[in-house]
Amino acid sequence: MTSARPLASCLRGLYGCRWSRDERSRGRPGDCCCSKLEGVSFALLAATFCSTLVFLYFWGQARNDYNDFDWFNFGNLGFWFPWSVVLLVVAAGFFTYVTVLMLLAVCLLSDGQKLHLHWSHKFGVLLTLTFSVVSLAVLSDLWRKEWTTLLLSFQVTAPYLHVGGVLLMTALSWPIALHFFRMSSRGRRGLILGLYLSTLSALYLVPLGLYSPCIKEDGTLGPAPALIGHRGAPMLAPENTLMAFEKAVEAGSGGLETDVTISLDGVPFLMHDQTLRRTTNVQQVFPNRTDSPAAMFTWTELEELNAGAWFLSNNPFGTAGSLAADDRLQAEKQTVCSLQAFLHLAARRDKQVIFDLYRPPRGHPYRDTWIQRTLEVIQNESSIHSSQVLWLPSELRALVQDLDPELQQVSGSRLPLEELQSQRIVTLNLHYSSMSTELTSAYAAVNISTNLYVVSQPWLFSLAWCCGVQSVTSNAPQLLSGMSSPLFLMSPDQFNVMWVLTDLVSLVLLFIIFIFHWWRKRTSFCSSSKLRLDDEFTTELRPPVSCSGFPCSGVPSLSRFSVPVRSSH
């Protein structure tokens, strides 16, 4: 019989490093599946699997903000490295490891085997649990807003997570039913069945409280949000350079977003960071001024800097290697871009622009007139029309409206409707975590559009589309412009069919599995009872025999009884 169970031996070997084909590893009916220590080990394994799954899902959905995470570490560590991808790979490796152990444990339980987790696996499980818990704690402290991203993801993935959860719990019914009918304690049987059925019933009813903007009636989906290139198209060219904005226009962007700083001699130029260290070669050209504020450089000094080579060497989005040779050569020669050149490009391409405007530091000659100087460039030094400019800075808004009433006023804060209307706000520029169908509809009712930043992943863009958002600022216009419809879009009827069908299939499979194990238990019980009866009957007929083979004394032998034989005559 042992040679007929090579698979069970292999499972025991992988899980507990017990490679011998010993049938005694199978539990007897009524026995527990493992000792108390092994029970704690299995509970720890299950907890590790759940925590690692949560972290992997959390970090997978945070992919939209990987670039922010990597540059945050750059600011703290002083060098660039794709930490986000490394963290994802490590999390995927740990999850694969504990998933394999969980599958081995379930297979052993399904075969009635006892669990004996090897000490090396116990150490690995503890290491994995520590990694997932510490990572979740650190990210929750430093990057708390990503939990909002996780909640948003449930709005599009929840219907499919429900299907996966129900199917997983249905698959677990096999070992549950096996041990339910093997247990002799009614208390244990009631506890295990009660917990299992309670969890499964809750999963069955989850869709009753499920909400997803992407579950819509046919014909109610609005147009796709317009795309605004975030600092251009930073996956295709160095951010905030003329090349990046040209690439954004070619990718289908309807608008261009940037950040404006004013040089020491009064030239507004494009720069997101407070210093030049990340996106220029300032360390080579001005080694003693690496950490100086960007606004404390003259325009002549800024023109000496290279603003494109860093993109090819650091490869922040992992896309630089896919550029053609001509594009790589062009990217390597990019310089710091002035606001005037940026506005000329937008006017020539007939695109709207939106920008953050940074006030210069103390001691700067334009610290108190930075807004007026920027308006001078828009009105007198560029060819763009004021109506193409979405004015985001909130400082001195009333003065700005008086100086140029044709500018489209934009608010970066969720103010009361009355206040927004009094300031003649036409657009709200909000972080995507503020996404809400109700919010978008309420502002649209008073002719205020909603723009969300920064939306670069298809699932997040799909959610914004389903919520009725008018535009999004994106790092990946070349990716999102090709989407013809939102991901995960379905009608209420399709959702109800998927929900009901999933639950019905699960119930049928559950019934079949429990009936099968009940029938197998009854069959094995009847067979064992018959064998015991046969043994008892045979024992009663068989005379007691002494060690020498002769009948024991005091017990009549069959040979003592004479049977008369009739003669044939």
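Of note:
- Lone qualifier among ASP141, ASP70 - being of a type in the set (Asp, Glu) and open to solvent by less than 30 Å² (accessible area, probe 1.4 Å): ASP70
- Residues in the range 73-95 that are small (Gly, Ala, Ser) and surrounded by 15 or more Cβ atoms within 10 Å (Cβ to Cβ): SER84, ALA91.
- The residue that is farthest from the chain's Cα centre (by Cα), counting only those in the range 453-469 that are open to solvent by 10 Å² or more (accessible area, probe 1.4 Å) and more than 18 Å from PHE355 (Cα to Cα), is GLY468.
- LEU126 open to solvent by 20 Å² or more (accessible area, probe 1.4 Å), among the aliphatic types (A, V, I, L, M) and farther than 23 Å from GLY16 by Cβ: no
- Residues of the range 455-501 satisfying the condition of being in a helix (DSSP H, G or I), within 19 Å of TYR432 (Cβ to Cβ) and not polar (S, T, N, Q): PRO458, TRP459, LEU460, PHE461, LEU463, ALA464, TRP465, CYS466, PRO477, LEU479, LEU480
- Residue match in the range 232-247 (condition: touching a Lys or Arg at 6+ places or on another chain (Cβ under 6 Å), over 20 Å from TYR66 (Cβ atoms) and of a type in the set (Gly, Ala, Ser)): no
- Number of residues in the range 173-196 that are over 33 Å from the mean Cα position of the chain (by Cα), among the polar types (S, T, N, Q) and either surrounded by 17 or more Cβ atoms within 10 Å (Cβ to Cβ) or part of a helix (DSSP H, G or I) (or both) equals 0.
Residue-by-condition table, conditions (1) modelled with pLDDT of 85 or more; (2) aliphatic (A, V, I, L, M):
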{"site": "SER3", "(1), (2)": "no, no"}
{"site": "SER9", "(1), (2)": "no, no"}
{"site": "GLY13", "(1), (2)": "no, no"}
{"site": "CYS17", "(1), (2)": "no, no"}
{"site": "LEU56", "(1), (2)": "yes, yes"}
{"site": "ASP65", "(1), (2)": "yes, no"}
{"site": "ASN76", "(1), (2)": "yes, no"}
{"site": "VAL85", "(1), (2)": "yes, yes"}
{"site": "THR96", "(1), (2)": "yes, no"}
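- THR319 more than 23 Å from PRO477 (Cβ to Cβ) and either hydroxyl-bearing (Ser, Thr, Tyr) or in contact with a His (Cβ under 8 Å, 6 or more places away or on another chain) (or both): no
- Among the residues of the range 268-297, those that are part of a loop (DSSP other than H, G, I, E, B) and open to solvent by less than 40 Å² (accessible area, probe 1.4 Å) comprise MET271, ASP273, LEU276, ARG278, THR279, THR280, PHE286, THR290, SER292, PHE297.
- Of the numbered criteria (1) without any contact (Cβ under 8 Å) to a residue 24 or more places away in the chain; (2) part of a loop (DSSP other than H, G, I, E, B), the one SER253 fails is (1).
- Of all residues in the range 428-438 being in contact (Cβ under 8 Å) with a residue 40 or more places away in the chain and assigned to a strand (DSSP E or B), the one that is surrounded by the most Cβ atoms within 10 Å (Cβ to Cβ): ASN429
- Matching residues, the range 76-124, being under 30 Å from ASP291 (Cα atoms), aromatic (Phe, Trp, Tyr) and in a helix (DSSP H, G or I): TRP83
- Every residue from the range 493-508 that is among the aliphatic types (A, V, I, L, M) and open to solvent by less than 80 Å² (accessible area, probe 1.4 Å): MET498, VAL500, VAL505
- Hits in the range 324-344 - residues which are within 18 Å of TRP299 (Cβ to Cβ) and not polar (S, T, N, Q): VAL336, CYS337, LEU339, ALA341, PHE342, LEU343, HIS344
The values are calculated or read from the model by the stated rules, or taken from the named source; none is laboratory data. Keep in mind it's a predicted model, so treat the numbers as computed, not measured. No Cβ is skipped: glycine too gets one built from the backbone with ideal geometry, and neighbour counts run over all protein chains shown. Side chains are part of the model used for accessible areas, which takes the heavy atoms of the whole protein and leaves out ligands, DNA and RNA. Shrake-Rupley method; radii C 1.70, N 1.55, O 1.52, S 1.80 Å.
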